[in-house]
1. Please go through region A:69-95 and pick out each residue that is of a type in the set (F, W, Y) and not in a helix (DSSP H, G or I).
2. Report, by residue number, each residue of region A:28-48 that is within 11 Å of chain B (Cβ to nearest Cβ) and in a helix (DSSP H, G or I).
3. Within region B:226-256, work out how many residues are part of a strand (DSSP E or B) and either touching a residue at least 40 places away in the same chain (Cβ under 8 Å) or in contact with a helix residue (DSSP H, G or I) (Cβ under 6 Å, 6 or more places away or on another chain) (or both).
4. With the checklist (1) at pLDDT 90 or above; (2) under 30 Å from A:M132 (Cα atoms); (3) not hydrophobic (A, V, I, L, M, F, W, C) in hand, flag the one item B:T222 doesn't pass.
5. Among the candidates B:V20, B:V57, which residue alone is more than 20 Å from B:D171 (Cα to Cα), modelled with pLDDT of 75 or more and surrounded by 12 or more Cβ atoms within 10 Å (Cβ to Cβ)?
6. So, A:F99, is that one under 17 Å from the mean Cα position of the chain (by Cα), within 14 Å of another protein chain (Cβ to nearest Cβ), assigned to a helix (DSSP H, G or I) and not β-branched (V, I, T) or not?
7. Is it the case, given these coordinates, that B:R147 is of a type outside the set (A, V, I, L, M, F, W, C), out of contact with any helix residue (DSSP H, G or I) (no Cβ under 6 Å at 6 or more places or on another chain) and either over 23 Å from A:Y131 (Cβ atoms) or at pLDDT below 90 (or both)?
8. Can you pull out every residue in region A:49-68 that is in a helix (DSSP H, G or I) and within 19 Å of B:S180 (Cα to Cα)?
Amino acid sequence: MNIFLYVCTAIMFIIFQASFLNYFLPSYLSPDLISVFVIYVAMTKSFREGVLFTLFATYMLSLNTSVGFLNLSLFYIISFAVARYVSLNFYTNELKYLFLSIALPILASKLFILFWLKLGNIIVFAEHFLYMLSETLITAAAGIIIFKLFNLIDIKTGQINLESIVEE
Amino acid sequence: MHNKILGKKYKEMIVLLAVVLVLVTVNATHRIEHQLRWYDKAIVFMTAPVQYALTSVIQGGVRVVDNYFFLVDVKEDNEYIVQENNILKNRLHQLQESEYENSRLKKLLSFRDRLAIPMISAEVIAKDPSSVFKTLRINKGEKDGVRISMPVVNYNGVVGQIIRVFGDYSDILLITDPNSEIDAMVQEDRARGVIEGLGKDNCRLKYLERLDDVRVGDVILTSGMEKRFPKGIVIGQVVDIKKKRFGITQEVTIKPSVNFNKIEEVFVVVVNQ
C-alpha cells in the first residue's frame with residue numbers, strides 16, 4: 001500500500017470503530033483496529049515510516065478520545081516497539097505466530113494503560129484485565145484477517161510484505 | 001552485520017521511548033480540556049460528517065428493523081412509557097432534593113426554575129474508539145452555543161461534560177471515563193465526595209469519610225459545589241461499599257443512572273461561563 005492508502009486506512013479504521021463497531025458491540029467484544037494498524041506498520045514498514053504512521057494514527061485517535069496525543073502516542077509506541085521486537089526476533093510464517101505477534105503488543109500496551117491509570121483496587125484491575133484479555137483475543141483474531149488482506153494488497157501493488165522486515 | 005542493524009534499531013527505539021516519556025511527563029501537567037488548533041478542527045470538520053452519516057445509517061437501519069418488522073405500536077408505547085417513567089423518577093429525586101433543602105431553610109431554586117435551565121438537545125454521532133476511555137461525539141458545537149466544561153445530561157441523569165468543541169460538533173467526557181471527576185453528594189446523608197470514572201460502566205465515590213452513613217441503594221446527586229453542574233441532578237446509585245479497618249475514607253462504587261451503551265440523545269446544559 002502507498003502512503004495515501006495507509007493514511008486513508010487509519011482514518012477509516014477510527015471512523016469505523018467509533019461509529020459502527022462501538023454501536024453494535026460492547027467494547028470488550030470489539031476489535032481494536034488502530035492497534036492492528038500500528039502492529040502491521042511495525043512489522044512491515046521501515047522504522048521511521050512505521051513510527052510516522054503510528055504517530056499519525058495516534059494523532060487521529062486523540063481527536064476522538066479523552067486522552068491527549070502524547071499519552072496516547074506512548075501507549076501505541078509500546079505496541080509498536082513490542083511488535084517490532086517480536087517480528088525481528090521470532091518471525092515464522094505460522095498462523096499461531098501471527099496471532100501471538102498481534103496479541104502480545106496489544107496486551108503490553110493495555111497493561112501499561114492500566115498501570116498508568118492507577119486503577120488502584122485489585123478488583124477493578126481484575127475486571128479490567130478480563131475485559132482487556134477478551135478485547136485482545138478478538139483483536140488478534142480480526143488482525144489475522146486484516147493482515148492477510150493488507151499483505152495481499154501489498155503483494156499486488158509490489159510493496160513491502162511481511163518477510164521483508166527480517167531481511168532489512 | 002545483522003546484529004549491527006538490530007543494535008541500531010533498538011537504540012532508535014529506546015531513544016524514541018525516552019523522548020515520548022519525557023513529553024508525556026511534561027504533558028501530564030496540562031489539563032485535558034485544551035484549546036484546539038486549526039488543523040484539529042479541519043480534520044474533525046472532514047471526518048465527523050462521515051461518522052455522522054455512518055451512525056445515522058446504522059441507527060436508521062436498526063430503527064427500520066425495530067419499528068416496522070416488530071410490533072410497531074407496542075414498541076412506541078413502551079418507549080413512551082419508559083421515557084415518561086424516567087422523567088417522573090428524575091422529578092421525584094429532584095423533589096426529594098428540594099424537600100431536604102427546604103428543611104434546612106436554604107434559599108434555592110425551585111424545581112420549576114430548574115427545569116427552566118436552557119438546554120441544547122443533541123444527537124450522539126460517535127463513541128470513543130478505545131475501550132478504557134469514554135467519550136461521545138455529538139452533532140452540536142460552537143455554532144450552537146456549546147462551550148467547554150458545559151454539563152451534559154439526559155432524562156436519566158448526568159452524562160458528562162464537554163471537553164472539546166468544534167464548529168458543528170463537540171466531545172463529551174463521560175462520567176465513567178477515568179479522567180472524569182465531578183463533585184457529588186449522597187442524597188440521604190448529605191455526605192460529599194468526588195465521583196471518578198473507572199473506565200467501565202461504573203464509577204467510584206472518592207473522599208467519602210469512613211463514618212459517613214452511606215448505604216447500598218442511596219442516590220448520588222451533583223453537589224453544585226464546583227459551579228459547573230447544577231445542584232441535585234441524579235448521578236447514580238450506590239451498589240457497593242467497602243470499609244477497611246483502617247484509614248479515614250471508604251470506597252463506594254456507583255452505578256450511573258444513565259445507560260451509556262444505549263445513549264442516543266443528550267442535553268447540553270447552558271451555564272454561564
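1. The initial filter retains those residues of region A:69-95 that are of a type in the set (F, W, Y), namely A:69, A:75-76, A:80, A:85, A:90-91.
Within region A:69-95, A:F90, A:Y91 qualify.
2. Initially, region A:28-48 is screened for residues within 11 Å of chain B (Cβ to nearest Cβ), giving A:28-35, A:42, A:46-48.
If the condition is that a residue be within 11 Å of chain B (Cβ to nearest Cβ) and in a helix (DSSP H, G or I), then A:Y28, A:L29, A:L33, A:I34, A:S35, A:A42, A:F47, A:R48 are the ones that fit.
3. Residues meeting the conditions: 12.
4. Result: B:T222 fails condition (2) only.
5. Working: B:V20 fails: modelled with pLDDT of 75 or more.
Of the residues listed, the single one that is more than 20 Å from B:D171 (Cα to Cα), modelled with pLDDT of 75 or more and surrounded by 12 or more Cβ atoms within 10 Å (Cβ to Cβ) is B:V57.
6. Working: under 17 Å from the mean Cα position of the chain (by Cα): yes; within 14 Å of another protein chain (Cβ to nearest Cβ): no; assigned to a helix (DSSP H, G or I): yes; not β-branched (V, I, T): yes.
So A:F99 fails the test.
7. Working: of a type outside the set (A, V, I, L, M, F, W, C): yes; out of contact with any helix residue (DSSP H, G or I) (no Cβ under 6 Å at 6 or more places or on another chain): yes; either over 23 Å from A:Y131 (Cβ atoms) or at pLDDT below 90 (or both): yes.
When the stated conditions are applied, B:R147 passes them.
8. Let us first name the residues in region A:49-68 that are in a helix (DSSP H, G or I), namely A:49-62.
Result: A:L61, A:S62.
The values are calculated or read from the model by the stated rules, or taken from the named source; none is laboratory data. All values derive from a computational prediction rather than experimental measurement. Heads up, the Cβs are rebuilt from the backbone with ideal geometry, glycines too, and the neighbour counts pull from every protein chain shown.
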